[in-house]
Amino acid sequence: MYKYFISIVVTLFTISMYTQNPLNVNVEKDTIVYKTAYGLRLGIDISKPVKALFDSSYKGYEIAGDYRLSKNFYIAAELGYEEETTHEDFTNSFAKGSYIRLGGNINLYKNWLDMNNEIFFGFRYGFSIFDQTLNSYTINTGTEYFPATLMNSRTASGLNAHWAEFMLGIKVETIKNLYISASFSYKVMVNAEDPDNFKTLFAPGFNRVFLNNTGFGFNYTISYLIPFRKK
């Protein structure tokens with residue numbers, strides 16, 4: 001009986017020591033580090049020449065670029081030229097000029113492995129210098145006894161506009177270093193110079209100026225990344 005008791009005690013002691021000192025199991029961790037490219041990305045907005053094909057009153061082009069500063073932040077800029085004839089109920093006007101937009105994009109998308117795609121939120125400060133021509137206007141008199149349309153063309157040169165812009169878009173790497181992106185923007189006019197006795201209806205880079213000084217935009221860009229390093 002005493003031997004059985006000793007055997008049980010030894011067995012329990014052995015089990016206790018085993019549970020307190022489990023076998024060391026080496027779990028290998030994935031040590032592969034997936035690096036993505038940092039560099040300068042340059043492209044063109046193809047939506048503007050496509051719009052010009054279907055709208056004879058419009059011409060425009062835009063080049064775009066961004067540079068990656070950190071994992072999810074890019075500084076960005078767009079430079080372009082636009083001209084458009086605007087037809088209203090009582091006016092016909094023409095605007096042409098150049099613009100620049102400066103700001104940044106924040107990538108909200110978490111990439112897998114070495115992917116380099118983006119779902120981004122962007123912000124811009126926009127500035128344009130343009131000429132505005134009033135081609136013709138109609139006086140709303142409500143009667144047929146006065147001339148309906150006056151054709152004396154007037155041009156105001158060197159006008160400028162400032163605005164803020166908020167963007168939401170996607171950017172996808174289709175093949176190595178080649179990207180396609182699409183974005184929508186909401187714009188708020190800060191200040192726009194108007195010609196004498198006439199309101200600016202179109203500002204290059206801003207597009208159509210609505211009564212509440214807001215506007216909207218769309219960009220479809222093809223760009224190429226010039227990689228400088230990987231990180």
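The values are calculated or read from the model by the stated rules, or taken from the named source; none is laboratory data. This structure is a prediction, so every number in the text was calculated from the model and none was measured. Cβ placement follows ideal geometry from the backbone for every residue including glycine, while neighbour counts extend to all protein chains displayed.
Points worth noting:
- In the stretch 148-170 there is at least one residue matching the filter, namely being outside any loop (DSSP other than H, G, I, E, B) and at pLDDT below 75.
- Which listed residue, of K48, K96, is outside any strand (DSSP E or B) and surrounded by 17 or more Cβ atoms within 10 Å (Cβ to Cβ): K48
- Meets criteria (of a type in the set (V, I, T), crowded, with 17+ Cβ neighbours inside 10 Å and more than 30 Å from N177 (Cβ to Cβ)) for T85: yes
- Consider the stretch 99-142 and keep the residues that are among the β-branched types (V, I, T) and touching a Phe, Trp or Tyr at 6+ places or on another chain (Cβ under 7 Å). The one that is surrounded by the fewest Cβ atoms within 10 Å (Cβ to Cβ) is I139.
- Test: residue in the stretch 201-213 that is modelled with pLDDT under 95 and among the β-branched types (V, I, T): yes
- Count - residues of the stretch 175-195 that are exposed (fewer than 15 other Cβ atoms within 10 Å of the Cβ), touching a residue at least 24 places away in the same chain (Cβ under 8 Å) and part of a strand (DSSP E or B): 7
- Hey, R124 over 21 Å from V190 (Cα atoms) and at pLDDT 95 or above or not: no
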